[in-house]
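Derivation of every value follows stated rules applied to the coordinates shown; laboratory data play no part. It should be emphasised that the depicted structure is a prediction, and the values quoted were computed from it without experimental measurement. FYI the Cβ positions are ideal-geometry reconstructions off the backbone, even for glycines, and counts take in every protein chain you see.
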Amino acid sequence: MNIDIATLFPEMLENYLSQSIVGRARAKEIFTVSCHNIRDYTKDKHRRVDDTPYSEQKGMLMQCDPIYNCFCAVTEGRPRPHVIYMSPQGRTLTQKKALELARKESLFILCGHYEGVDERIIETLVDEEISIGDYVLTGGELPALVLVDAVVRMLEGTLSQPDCYEDESHFRGLLEYPQYTRPEVWHDMRVPEILLSGHHANIKKWRHEQALLATARKRPDLLEGLALSDEDLAIIHKVSENDE
């Protein structure tokens, strides 16, 4: 997969993209990523990329030409990438969406700033707008990093085994089961005996039950629309009884 990010702050992104799991995947060329400074594509001698909106709205709006010029230069001679604008008006990023994007050959991510970008750029270039939550940030750089991290970790070879992400929260619609490590006893709290048993079938069943219970307690909204068995519903019912 190839990822291009159009931003006013490429250095901010590069630092993160060179670290940890994402950085190792990049070094192994599981994916490629380039951060492009939108200011490099303006014809203004002061390298301005913004202007005041045609309204009484205060603040500054990113202009069309620098963004459009950046996109054209970056994608020249290549198949058109899937273009994403990180925006609080977009659909909220989910694990399902991240998996869908992980199957794309190429992504072009636009990071807005100030009051956002001229609407004509969205109409001309953008395939979809994506939000990471119902709140507003200073720019699209942090959301872009969240998106890249969520997508890259599902690319083949990034993690040692597929179950490193397949068992995680949201992948199958449920939250993840509780996890424990050494020591076996900490502050008089013990690791559940079943995890020490070595009985893989029982451990798998326990994990599923705990995932159901965690979801019912913390995010019951996620249970809507899931295909739950009668046994699953009985487990969830225990939560309701205990909470009463």
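Numbers below:
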item	result
Net dipole in debye of the chain [+1 Lys, Arg Cβ; -1 Asp, Glu Cβ; about Cα centre; nearest 20]	680 debye
Fraction in percent of alpha-carbon pairs per bin - 5 Å, the stretch 93-244	1, 7, 13, 15, 15, 14, 12, 10, 6, 4, 2, 1, 0
Scattering profile of the stretch 2-152 at q = 0.09, 0.14, 0.15, 0.16 Å⁻¹ [log10 I(q)/I(0), Debye over alpha-carbon scatterers]	-0.27, -0.66, -0.76, -0.86
Dipole of the stretch 167-243, positive direction: furthest Cα of 185, 220, 235, with charges on the beta-carbon	185
Normalised convex hull volume, the stretch 72-118, alpha-carbon set, Å³ per residue	89 Å³
Placed amide H near residue 33: partners under 5 Å, 5+ positions off or other chain	3
CD proxy at 222 nm, helix term only [per DSSP H run n ≥ 4: -39500 (n - 2.57); per residue of the chain; nearest 500]	-11000 deg cm²/dmol
Charged-residue dipole, Cβ positions (Lys, Arg, Asp, Glu), the stretch 167-243 about Cα centre, Debye nearest 20	220 debye
Percentage, to the nearest whole number, of Cα pairs in the stretch 167-243 over 14 Å apart	65 percent
